[in-house]
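Just below is one structure, and these are the notes that go with it.
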Amino acid sequence: MSSYVKRFGKKGYKATENYKCRNQVYKVGETYKLDTEPVVCNVGFHYCIKAADTLKYYSWEPGFKLLEVVDLAKSSHKSYDKVATNKMKVLREITDPKELVRLMGFYNSYDEKTGERTTIDKLTRKVYDKHDRITTYEMIGRSERRFYYP
């Protein structure tokens, strides 16, 4: 856990499409600040406390990026599942499939060359072809494995 999180204790998760949300592009290690009071859905940098809640606002498609952030503001505006702040630092991008399964409940990856998509959840691994047909189905942690061919 970073010193920022230990000091401020307001860690969260920011979803973006290719690091962009609205007109703001985010970079790992950068701090972003506004001189106005934050208001959820109106003003401020938004993030969710639970990583899975980001999927209410962004779909997991090619370009989906999940960032771990820390809220550095003295006061923030919180709604049911998201927070608006006027000062936020991007700590890191979360890319590890095991961590994403733990945080989100599943993981998707895309191969742009072949059009294949792989979905991993807590129980299964499925590979889809470019026509969205399952080509491989595997139970994780078990010996059952099925292969499908279009």
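Brief remarks on what is shown
- When the solvent-accessible area of segment 1-130 is split by element, carbon and sulfur atoms take up 48 percent of it, the probe being 1.4 Å.
- Accessible area per residue for the chain, computed on protein heavy atoms with a 1.4 Å probe, is 63 Å².
- By accessible area with a 1.4 Å probe, ligands and nucleic acids excluded, highest first: order of K20, K11: K20, K11
- Value of D in µm² per second that Stokes-Einstein yields for the chain, Kirkwood Rh from Cα pairs, at 4 °C (1.567 mPa s): 77
- Were the residues from L123 through Y57 laid out at 0.36 nm apart, the gain over their Cα-Cα distance would be 21.2 nm.
The values are calculated or read from the model by the stated rules, or taken from the named source; none is laboratory data. What you see is a predicted model, and the numbers here were worked out from it, not measured in a lab. Just the protein is used for accessible areas: all its heavy atoms, side chains included, with ligands, DNA and RNA removed. Shrake-Rupley method; radii C 1.70, N 1.55, O 1.52, S 1.80 Å.
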